[in-house]
Amino acid sequence: MSPDQIVALVLALTGPPATDPLFDVIAAGGADPRYPVHAAACPRPLAPFEIEGKTVACGSVDVPEDHDHPEGRRLALSFMIFKSRSLAPAPDAVVHLHGGPGSGIVERVALTATMFEQIRARRDVVAFDQRGVDTSAGAQSRCWDTLASDPKGLAEAAKGSAVPGLQDRLTRACLAEIAASGADIAQINTAQNARDVAAVMHTLGYPVYNAYGISYGTKLAQEVMRSAPEGLRAVVLDSVAPVQEPIYDTLALPHAEAIQNIFDACTADPRCAAAYPDLRARFWALMTRLETDPVASPAGPVTQDVLFTLVDGRNDYKAQLQGLTGYLPQIVAELERGETKTLMAVQEGRIALHPTPESALAGLTGREDEAMVQARAALRIAQMQALSDANLTEALTALEAARRAEDLHTGPVEAFEAALTEAAQALPDAQAKVAFGAAYLRLRKGDATLPPILALISTHFPAPEAARLRALAEELSPAQLAQVFARIGADNRALDRVLLSGFQTQMFACQEDRDINSPAGAAVVSARLQRDFGWPASLTAAFEGIVTEGFYKPCAAFTPHPRKGFHDPVTAAIPTLVLQGLMDTQTAPSWGAEMVASLPKGRLVVLPESGHGTLAFSQCARDLGVAFFEALEAPLDTRCAATLAPAFLLPDGSFSK
């Protein structure tokens, strides 16, 4: 960050509130009157170095519930714009189409800012929560009465306790509540989502734009390419889910391919193949043996589940297991002998899976020439810069938090909430506490005004206590009342997740994907895994159980709404870059080639040592996306992908490359 940018940020955080906090297009109410734009405060905390109204801005776009009937009900889609860092940005912004379905992005500000930072060097980035999801949920999936109907069961489930029948009861009650509200849940689908994308981008002032879809976002991007392509310049599909694939029947296939890719990489490496012959057969034989005969280790028994979780965990970028592939053949060979040396070294962090400048220099023994002196000096400078950046980030984050707290004047809010909590805990019995909890949850359904608070107080507390609480509530300003209601939502976020984390996915999956998924189809996939990949029957049966419990059973409560042609391969002639990781256990690595096969202007880059969302795994993936958007027709230099291929640890302690 440049000195002038730091000065601007400090002034923004310490000076008076900005008098012009809106981007021009938001201040004007949008560029398309069919889709009005409304300003809103951005979720906190902002990513470091972001200035609301300068580098980021937030709000909502009103779109029709049914784009074919724009005169009907409206939905508010929450968005965030990340402005380009360039003083001369390209006009075609990038819209981030998030995954799921049913996993929003707007409240994960720092994640979006980090993942798309390089794209912002030249382009604005727009993120929005898709219809029916998180901050864009609205009446289509905000079942306040349902959530308030069983606060005790929700609380137990939120703590991890099994509550028999709770999920089914909540799902059916939520569907009934949505229907009673007049909302049409059938309009929560990918086709309407695709038209939302165009509406959001055009009214935010981007008549020409690009799309970057990840996971379900690739499925949405395909529908935009097919049915709402106006203004769509180019697309990056990262970790692709082809619309023609029965994603739920094939839940285990990505896991199988990601594991098979370990064996294929070893076979393609002559030294690895010689050191670990028949690796696939040995791995699955070991997995079968561990099911009944675990290997002892200092950290506890190494079971089938322990080994599978380790191998499968390479897909999670947060787990920092990138680089583990090169050690897996040796781990298998040792476990066959009842040894756990390499496994324990990995689990205890004694193996640097991610080489650092420090470890690279440490490995250069026996050199004390001028080049080494310069390398050490450069390393010290880099370490000092990293420490300086970390300290600056910490200080600015704390400064923003302090400014935010000062602006909100939270004293009266905290005094009221403390008194309300104390009074609730003093209620005479469990029945009274549950009744209060249900009413407290229902507050989120109405307006953020004083009357609902006063009604809650008078209904649930005796006169002396009610008078004290009422006096505290009446001291709250409108802004402080809004904060009380916001905290009610935040306080109960864990309860919401008991229902919404599954329900928001099911709205899409159960309504539009059941026509190509079935238990019979899942059984066919299981047989293929056993036949073609060597999987044991017990493991495929476990995955079939997961699909049944997570998809087929909950979907019984929903009415299917299949659409003709929705599962046909997309053939749009729009420049498309497909990025697919070989460690991806959520979308099968082979689906990348399948996707490109139907796209006249599609290009595929396969990335070793990358899991789901290659953007999060390597600089290579981030650079390829930027290069593609900059010059759509130019050849892509994909040599960086080859450098990600693993080197394998050999029995003598050397590496194969």
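The values are calculated or read from the model by the stated rules, or taken from the named source; none is laboratory data. Computed from a predicted model, the values in this text were never measured in an experiment. Don't worry about glycine lacking a Cβ; one is built from the backbone with ideal geometry, like all the others, and counts go over all protein chains shown. Heads up: the accessible areas ignore ligands, DNA and RNA and are worked out on the full protein's heavy atoms, side chains in. Shrake-Rupley method; radii C 1.70, N 1.55, O 1.52, S 1.80 Å.
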Over the residues of the stretch 50-158, compute the C-alpha Rg and express it relative to 2.2 N^0.38 Å. 1.30
What nm value, rounded to one decimal, do you get for the distance between D652 and A430 when each label is placed 7 Å out toward the C-beta? 6.9 nm
Dimensions (Å) - the stretch 435-535, Cα atoms, principal axes, largest first: 73, 25, 22
So for the pair V524, D24, with labels modelled 7 Å out along Cα→Cβ, what separation do we get in nm? 5.6 nm
At a Förster distance of 30 Å, what's the computed FRET efficiency of A415 paired with S86, Cβ-Cβ distance as r, to 0.05? 0.05
The lysines whose Cα lies under 26 Å from the Cα of K152, excluding any fewer than 8 residues away in the same chain, are K433, K445, K553
In whole percent, how big is the carbon plus sulfur part of the accessible area of the chain, probe 1.4 Å, protein atoms only? 58 percent
Could you let me know the centre-to-centre spacing of the stretch 411-461 and the stretch 492-523, using Cα atoms, in angstrom? 33 Å
Based on alpha-carbon centroids, what's the gap between the stretch 198-271 and the stretch 66-127 in Å, whole number please? 17 Å
Would you give the gap between the C-alpha center of the stretch 305-338 and the C-alpha center of the stretch 143-168, rounded to a whole Å? 36 Å
Shape call for the stretch 512-598 from the C-alpha gyration tensor, a ≥ b ≥ c root eigenvalues: rounded (a/c under 1.5), prolate (a/b greater than b/c) or oblate? oblate
27 Å Cα-Cα reach of K601 towards lysines, excluding residues that sit fewer than 8 places from it in its own chain: K219, K564
Just name one of T146, P451, L77: the one whose Cα is farthest towards the positive end of the charge dipole of the chain (beta-carbon charges, Lys/Arg +1, Asp/Glu -1). T146
As a Kirkwood estimate from alpha-carbon pairs, the stretch 586-657 has a hydrodynamic radius in angstrom of 14.1 Å
Could you tell me the calculated FRET efficiency between D62 and R380, based on Cβ-Cβ distance and R0 = 51 angstrom, to the nearest 0.05? 0.40
Could you compute the FRET efficiency for L454 and A642, with r as their C-beta to C-beta distance and R0 at 56 Å, rounded to 0.05? 0.25
Do any trypsin sites (Lys or Arg not before Pro) in the stretch 508-600 lie in a DSSP loop with no more than 14 other beta carbon atoms within 10 Å, and if so, which? R563, K564
For the chain, what is the accessible area per residue in Å² when the probe is 1.4 Å? 44 Å²
Where in the stretch 188-225 does the amide nitrogen come within less than 14 Å of the point 7 Å from the Cα of L632, taken along Cα to Cβ? 207-212, 225
